[in-house]
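Accompanying notes for the structure given below.
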Amino acid sequence: MKMGTALIYDEEMTKYKLLWVDPACKIEVPERLTVSHEALVQSGLADRCVSIPVREATDADILLVHSEEYLEAVKKTPYMTLEDLKEFTLQYGDVYFHPNIYHCAKLAAGAALQLVDSVMTGKVRNGMALVRPPGHHSMRSAASGFCVFNNVAIAARYAKQKYGVKRVLIVDWDIHHGQGVQYSFEDDPSVLYFSWHRYEHQKFWPQLRESDFDSVGKNKGVGFNINVPWNKVGMQNSDYLSIFCHLLLPVAYEFNPDLVLVCAGFDSAIGDPEGEMCATPDIFAHLTHLLMNLAGGKLCAVLEGGYNLTSLAQSVCQTVQTLLGDPAPPPANLDGPCKSALDSLHCVRSAHRQYWSCLKHAADLPTCEISTKRIKVAEEEEEEEKTLDKGEEGNSIEEKVWPEPPKRVTPTIRTAVVLPDGVTCPDGCKRFSSSEDLDPLIISKLKENFLKDADDSDTLSSLSSLAALVEKVEKNEICSGLALVRDVSMATMCVVQHAASAHLRNRVLVVCVGDGKVPSHVTEDGKILVVQFSNKDSEEQKCKYYIPVCLKKGYSDVSGFMHAVLGLLLPLAYEYDPTLVLLVRMSDAGLCEIVWQQLTGLLQGLAQGHMLVLMQDGEKECVGPTASSLLGYPAPSLGQLPAPLPEDVASIESLRHRLKADWKLLQTTAQETG
Ligand SMILES: CC(O)(O)NCCCCN
Ligand SMILES: [Zn+2]
């Protein structure tokens, strides 16, 4: 698998600005680009990227999306007087023209195409284009919302035409609805457009009825347009993650794209005057990470909006650092999605349940219109009393403050391996067997707890290597580890006991695939959370921290397993927020290798990538693929997923219903909180 991250930027795109007074447009300033690029340079991230030059999009490129008359009209703007420019601008909404904006718009679109070229030719794995003017509002024959040419829509058409890409996923996390993208692809089943956006029941710009959740696409494209309206401001990290886990990721995996394009707008971050949301910049590390195992890692992020220069720069850095493969930071303040977000999630899932098998079981609403109107009425009442108690000034937008995202230090050793002699150490990994610096107290504890006959020296050495490995991971000297052990249950017990012991401030998430014995007794205090996938009818779930997931055909049913991973394990894991993930492959795990790699890849978003994988020593052939995932290589695609088995969906759903009282990120509708 290819590595390397492209960065596409050219300061020429800073050389246009608003030349007259227009309150709607004054936030779109050249400094947006300079602070973003400067932050990447100062943090050392720019130097780690492959710098790719911009180019001008050709007429043919632009005509993939826009009409000739529109292109011809825009071509005239460089020669216009100030008065003509103002006049020309009046025909569009919330956008401005400038003698140099046509040039910059060609560079912005061209930058996106250069990014597609470098990813599709395998020169890099993924990349980011820092561009302005943005693109997702511009339509076939109209500029809109600071956008002139639709950079991402052009890139999607270009990828299909030049590289024969069959399916493109466009994820638009900008806080505005990219209506231009929706109009371009709403009847096209080969391009799945996903957008969340501030909507407030059509009160927020661009105030379109077709931005609501019931715009699902047209004709052959039904199901391939997904709109998530935010009907309140103040959405937080939990709200964004819930949408990814319970809507975008299940659909994206079912869609199985060959290429992922991101309309990477950062006005959805805290502090932005447009979005007025409260998600912190580090959330973009997780959103990026969660998309990086799709399409074999082929991901192109293109800048859209973002108007708070501080949160914009921080969010851009979080995104690029994740594209480079650095482990994600611990997600901040996950306290469950708010009611309004759950209502939106519920409406979108039920609007799309007929198009996506992963949503077929989604609870139906009586009808969303009624529920939305009901919510609307309730909110308006609430709104009234709020303004009343706010005193005379109705809308005081207080200055938001948030902590600087934590520094993400990648350990010198990314992945260490504990392997029996004769098993080769995978490229990029470091063989680990040191236990000499393990204090004798621990050694004696291991002896008394785990050794039947005291002179079983190689069991002792393997267990003490594991204990030593846990210490190194805890100290962030090593990011992740992989061990082949003789007795995987005993090794699990040893790691859990060691990691959970007092002197290590750990919360250990133990994910077991297979029916072996797991440490279920040590989970009362919440220092351990065990999730075990098996095909044995699970004995009644004992406590909040031991969760048996029973799948009829075990994990051999890829769809059912991925359904459980995306909709149950990921939300649980994010809410639990472990400091260490222990992934255990029990000997009888009939798990297909790619699913195992997807699971390993997805779980690395937790615990800053601090993960230990334990496997039975008979699974030598699994060492290479597991190591490649631990090293940050993207997992191969799973291919088109058939519908999960109904009985598996039923058992996962009933488990989710049982658990959601304790684990708020498992909720998918507001009704459940009642
Ligand atoms: C790219 C963008 O989505 O941030 N543009 C926002 C335009 C807002 C106009 N009121
Ligand atoms: Zn925006």
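Where a number appears in this text, it was derived from the coordinates with a stated rule and is not lab data. Predicted, not measured: the structure shown is a model, and the values here were computed from it. So basically every Cβ, Gly included, is an ideal-geometry build from the backbone, and we count neighbours across all protein chains shown.
Apply the Karplus parameterisation 6.51 cos²θ - 1.76 cosθ + 1.60, with θ equal to phi minus 60°, to every residue of segment 49-59 and state each ³J(HN,Hα) to the nearest whole Hz, in sequence, with x for glycine and proline.
The phi angles translate into 8, 8, 7, 10, x, 7, 9, 7, 5, 7, 4 Hz.
Just to confirm the number: angle between the C-alpha axis of helix 440-450 and the first principal axis of the chain, 0 to 90 degrees, nearest 10?
With both axes taken from Cα atoms, the answer is about 80 degrees.
In Å³ and rounded to a whole number, note down the convex hull volume per residue for the Cα atoms of segment 39-114. Display every interim value, and only then the final one.
Working: hull volume 9.5 nm³, N = 76.
Output value, Cα hull per residue: 126 Å³.
Between GLY481 and residues 5 or more places away or on another chain, which pairs have amide H atoms under 5 Å apart, with H built 1.01 Å from N, and which residues are they?
Under 5 Å from the amide H of GLY481 lie the amide H atoms of ALA416, MET611, LEU612, VAL613, each far enough along the sequence or on another chain.
Using every pair of alpha-carbon atoms in segment 308-366, split the distances into 5 Å bins beginning at 0 and state the percent of pairs per bin, rounded to integers.
4, 15, 13, 12, 12, 15, 18, 9, 2, 0
For the chain, what log10 I(q)/I(0) values come out of the Debye formula at q = 0.07, 0.10, 0.12 1/Å, with one point per alpha carbon and no solvent?
Each listed q corresponds, in turn, to -0.46, -0.92, -1.27.
Taking N as the number of residues in segment 552-603, what is its alpha-carbon radius of gyration divided by 2.2 N^0.38 Å? Don't skip to the end; give the middle numbers.
On the way: Rg = 11.3 Å, N = 52, 2.2 N^0.38 = 9.9 Å.
Compared with the compact-globule rule of thumb, segment 552-603 sits at 1.14.
Return the long-range amide H neighbours of LEU645 (sequence gap of 5 or more, or a different chain), with a cut-off of under 5 Å between placed amide H atoms.
GLY560
Based solely on its DSSP helices, what 222 nm [θ] is calculated for the chain when runs of n ≥ 4 H residues each add -39,500 (n - 2.57) and the sum is averaged over all residues, nearest 500 deg cm²/dmol?
-11000 deg cm²/dmol
Which of the aspartates and glutamates could a cross-linker span from LYS162 if the Cα-Cα distance has to be under 12 Å and same-chain partners fewer than 8 positions apart are dropped?
By straight Cα distance, LYS162 reaches ASP61, ASP117.
Projected onto the charge dipole of the chain (+1 at Lys/Arg Cβ, -1 at Asp/Glu Cβ, origin at the Cα centre), which of VAL116, MET80, VAL171 gives the Cα projection farthest towards the positive end?
VAL116
Apply the Karplus curve 6.51 cos²θ - 1.76 cosθ + 1.60, θ = phi - 60°, to the phi angles in segment 409-424 and return the couplings in whole Hz, x for Gly and Pro.
With coefficients 6.51, -1.76 and 1.60, one gets 8, 8, x, 4, 9, 6, 9, 10, 10, 10, 10, x, 3, x, 9, 6 Hz.
Which aspartates and glutamates have a Cα lying under 20 Å from the Cα of LYS553, excluding residues fewer than 8 positions away in the same chain?
Cα-Cα hits under 20 Å: GLU254, ASP515, ASP537, GLU539, GLU540, ASP588, GLU593, GLU647, ASP648, GLU653.
Expressed in whole Å with the largest first, what are the equivalent ellipsoid semi-axes of segment 207-275 derived from the C-alpha gyration tensor as the square root of 5 times each eigenvalue? Walk me through the numbers on the way to the answer.
Working: eigenvalues 104, 55, 29 Å².
Output for segment 207-275: semi-axes of 23, 17, 12 Å.
Give me, ordered by chain and number, the residues 5 or more places off VAL549 or on other chains with an amide H under 5 Å from its own placed amide H.
Answer set, sorted by chain and number: GLN532, PHE533, SER534.
Once each part is reduced to its C-alpha centroid, what is the distance from segment 214-275 to segment 638-674 in angstrom?
Using only Cα atoms to place each centre, the spacing works out to 19 Å.
Taking the Cα centre as origin and putting +1 on Lys and Arg beta-carbons and -1 on Asp and Glu beta-carbons, what dipole magnitude results for the chain, to the nearest 20 debye?
Working: 63 positive and 88 negative charges, 289 e Å.
Computed charge dipole of the chain: roughly 1380 debye.
Can you list the chymotrypsin sites (Phe, Trp or Tyr not before Pro) in segment 1-58 that are in a DSSP coil and have 15 or fewer other beta carbons within 10 angstrom?
Numbers: sites: TYR9, TYR16, TRP20; in loops: TYR9, TYR16, TRP20.
Those satisfying the criteria are TRP20.
Below 13 angstrom from the Cβ of GLY265, what's the summed charge of the other residues (Lys, Arg +1; Asp, Glu -1)? Display every interim value, and only then the final one.
On the way: positive: ARG32, ARG132, ARG198; negative: GLU28, ASP172, ASP174, ASP267, ASP272, GLU274, GLU304.
Result for the local shell: -4.
Please list, by residue number, every one of the trypsin sites (Lys or Arg not before Pro) in segment 532-609 that is coil in DSSP and has at most 12 other beta-carbon atoms within 10 Å.
Values: sites: LYS536, LYS542, LYS544, LYS552, LYS553, ARG585; in loops: LYS536, LYS542, LYS544, LYS552, LYS553.
Taking segment 532-609 and a limit of 12 other Cβ atoms within 10 Å, the loop trypsin sites (Lys or Arg not before Pro) found are LYS536.
Pairs to check: LYS552/LYS660; LYS472/LYS552; LYS160/LYS660; LYS2/LYS430. Give those whose C-alpha atoms are more than 32 Å from each other in this structure. List each step's numbers first, then the result.
Numbers: LYS552/LYS660 22 Å; LYS472/LYS552 38 Å; LYS160/LYS660 41 Å; LYS2/LYS430 21 Å.
Beyond 32 Å: LYS472/LYS552; LYS160/LYS660.
Given that compact globular proteins tend to follow 2.2 N^0.38 Å, what is the ratio of the alpha-carbon Rg of segment 1-146 to that value?
1.10
Can you tally the net charge around LEU324? Count Lys and Arg as +1, Asp and Glu as -1, for every other residue whose Cβ sits under 11 Å from the Cβ of LEU324. Intermediate values should be presented prior to the final figure.
Details: positive: ARG48, ARG125, ARG408; negative: ASP47, ASP326.
Its environment carries a net charge of +1.
Among 98-105, 189-196, what's the highest-first ranking by average C-beta atoms within 10 angstrom per residue? Walk me through the intermediate numbers first.
Values: 98-105: 21.4, 189-196: 24.0.
The peptides rank, most packed first, as 189-196, 98-105.
Which pairs break 31 Å Cα to Cα here: LYS166/LYS400; LYS17/LYS203; LYS166/LYS407? Can you show the working numbers first?
Details: LYS166/LYS400 43 Å; LYS17/LYS203 28 Å; LYS166/LYS407 39 Å.
Pairs exceeding the cut-off: LYS166/LYS400; LYS166/LYS407.
Using Cα positions and a limit of under 24 Å, work out the lysines in reach of LYS452, with same-chain residues fewer than 8 apart set aside.
Answer for LYS452, where 24 Å is the Cα cut-off: LYS517, listed by chain and number.
Could you tell me which of VAL262, LEU247, THR322 has its Cα farthest along the dipole of segment 240-334 towards the positive end, charges placed at Cβ (Lys, Arg +1; Asp, Glu -1), taken about the Cα centre?
Towards the positive end, the residue furthest out is THR322.
All other residues with a Cβ under 13 Å from the Cβ of VAL41 taken together, and with Lys, Arg as +1 and Asp, Glu as -1, what is their net charge?
Numbers: positive: ARG48; negative: GLU11, GLU38, ASP47.
So the surrounding residues net to -2.
On C-alpha positions alone, give me the angle between the axis of helix 368-389 and the longest principal axis of the chain, in degrees, nearest 10.
Helix 368-389 sits at roughly 80 degrees to that axis.
Identify the trypsin sites (Lys or Arg not before Pro) of segment 105-210 meeting these criteria: DSSP loop state and at most 13 other C-beta atoms within 10 Å of the C-beta. Please report the intermediate quantities before stating the final value.
Working: sites: LYS106, LYS123, ARG125, ARG140, ARG157, LYS160, LYS162, LYS166, ARG167, ARG198, LYS203, ARG209; in loops: LYS123, ARG125, ARG140, LYS166, ARG167, LYS203.
Qualifying residues, ordered by number: LYS166, LYS203.
Distance between the C-alpha centers of segment 553-599 and segment 57-102? Whole Å please.
Distance between centres, Cα-based: 50 Å.
After finding the eigenvalues of the alpha carbon gyration tensor for segment 264-346, what semi-axes result from the square roots of 5 times each, listed largest first in whole Å?
Values: eigenvalues 86, 58, 33 Å².
Working through the eigenvalues yields semi-axes of 21, 17, 13 Å.
Give a residue-ordered list of calculated ³J(HN,Hα) values for segment 326-342 (Karplus: 6.51 cos²θ - 1.76 cosθ + 1.60, θ = phi - 60°; whole Hz; x for Gly, Pro).
Listing the rounded values in order: 5, x, 6, x, x, x, 8, 5, 9, 10, x, x, 7, 4, 5, 5, 5 Hz.
If all Cα-Cα distances of segment 579-674 are sorted into 5 Å bins from 0 onward, what percent lands in each bin, rounded to whole numbers?
2, 11, 17, 16, 18, 18, 12, 4, 2, 1
So, how do all the Cα-to-Cα distances of segment 19-62 break down into 10 Å bins, in percent, from 0 on up?
Bins of 10 Å from zero give 21, 29, 34, 17, 0 percent of pairs.
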